[in-house]
Structure formats: C-alpha cells, structure tokens
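Quick note: the coordinates plus some simple rules give every number you see, no bench work behind them. Treat the numbers as computed from the prediction; the structure is a model and nothing was measured. Using ideal geometry, Cβ is built from the backbone for each residue, glycine included, and neighbour counts are taken over all protein chains shown.
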Amino acid sequence: MHLIVGLGNPGRSYAQTRHNAGFMAVDFIAKANDIPVKIKKNHTLVGKGHIKRKAILLAKPQTFMNLSGLAVQGLLAGLRLPVSNLLVIQDDVDLPFGKVKIVSKGGSGGHKGIQSIQEALGTSAFIRIKVGIGRPPEGVEMEDFVLTLFPSEEKKQIPAIMEQVSEALELIFIDGLETAMNKIHKR
C-alpha cells in the first residue's frame with residue numbers, strides 16, 4: 001500500500017487558497033478514482049482505493065500545515081508502512097504557477113508542512129509532487145500570499161493542473177519514479 005498525502009489547512013476559509021494545492025489534488029484524485037476521503041484516522045481524513053492496481057490510502061491531514069508531520073507519522077506507523085511508500089503532494093512558491101515537478105528527496109524549501117514531516121520522520125527521502133503556485137508580488141508577505149485565493153484567471157487552470165498531478169502519480173506507479181520525472185519535467 002502507498003500513502004498519498006495532500007498538504008493543506010482544514011476549514012472552509014482555506015479551501016481554495018494556494019497553500020491548499022495538496023488538498024485540491026487529493027480531492028481531484030479521489031473523485032477521478034471514486035475514492036471517498038471521509039474516514040477520520042490519526043488526525044486525518046482518509047480514503048482507501050486503487051490507482052493502476054496499486055493499493056493506496058489518500059490522506060488530508062486535519063492538523064493544519066505546520067503540524068502535518070504528526071498526522072503523517074501516525075498514519076505510517078498505524079499502517080506499518082516504510083517511508084518509501086509515502087508520497088506527499090505540496091504547493092511550491094519556487095515553481096511558476098501551474099508547473100508540476102516530482103522530487104524524491106531534498107530540503108523543505110521553507111515549506112512548513114514538509115519541514116514538519118521531515119522532522120517527524122527524521123528523513124527527507126520521500127517522494128513529493130510539487131505544484132507551482134508562483135511567487136508573491138512585490139510588497140506581499142509570503143505567509144499572506146500562500147493563504148490567498150487563486151485569482152479567476154488562475155482558478156480556471158486548476159482542473160488541468162490537477163490532471164497533471166494525477167498523471168504524475170499514475171506515471172510513478174506505472175513507469176517508476178525516474179521515468180515519471182523525465183516525462184513530467186519535459187513539460
């Protein structure tokens with residue numbers, strides 16, 4: 001089984017913000033694969049299913065971004081899964097809006113959710129699918145920017161971006177990590 005965690009903040013006020021790109025991706029993947037993500041387990045909403053014949057658990061931590069590691073650690077321990085079976089979907093301000101990138105390790109890049117997971121697990125060696133949200137305009141603080149709603153012209157592009165994230169996940173399962181990275185990064 002693989003644990004696929006989308007990062008975000010719980011609550012309606014955060015639902016469509018840039019920082020919730022991970023939640024949006026999990027919702028998209030869940031709908032596309034008919035996997036309800038409604039069961040509460042270890043401070044997380046989860047749903048079991050299959051993608052390309054791989055057993056998966058989709059997860060949306062309800063701990064708020066800065067404490068995502070608590071939820072992820074609890075799920076991995078409860079499922080007795082190794083970190084190598086973890087895949088995290090996150091927003092990334094260092095990527096242009098709409099760009100999707102797969103990485104297999106590395107620092108947090110200042111992302112508090114990733115930092116929390118790395119600290120809780122004691123490693124950065126887990127797969128991440130990054131969703132570019134772009135940089136804040138001049139004069140806008142990073143913390144404020146990530147919690148803003150997508151403007152209407154960007155909001156229209158969200159379904160196509162989530163389709164790319166879903167495709168990246170499928171490519172990882174079908175072709176393996178390296179091939180998936182090559183295919184997604186060429187776009």
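What the table shows:
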read-out	value
For peptides 161-167, 13-19, 149-155, sequence by mean Cβ density within 10 Å, most packed first	161-167, 13-19, 149-155
Zone residues, the range 1-45, relative to K54, backbone N less than 12 Å from point 7 Å out along Cα-to-Cβ	1-5
Ordering of 169-175, 20-26 by burial proxy (mean other Cβ atoms within 10 Å per residue, highest first)	20-26, 169-175
Kyte-Doolittle mean at least 0.0, axial Cα span of 24 Å or more - DSSP H helices of the chain	158-175
Cβ-based net charge around G47, under 13 Å, with every Lys or Arg adding one and every Asp or Glu removing one	+4
Straight-distance crosslink candidates among aspartates and glutamates, where the alpha carbon sits under 18 Å from K156 and sequence neighbours closer than 8 are dropped	D27, D91
Stretch gain in nm, segment K183-L149, where the contour uses 0.36 nm per residue and the Cα spacing is subtracted	9.3 nm
Against the rule of thumb 2.2 N^0.38 Å, how large the Cα Rg of the chain comes out	0.94
Separation in nanometres of the label points that stand 7 Å from Cα toward Cβ, at T123 and I174	2.8
Charge tally in the Cβ shell below 15 Å around G78, where Lys, Arg are +1 and Asp, Glu are -1, G78 excluded	+4
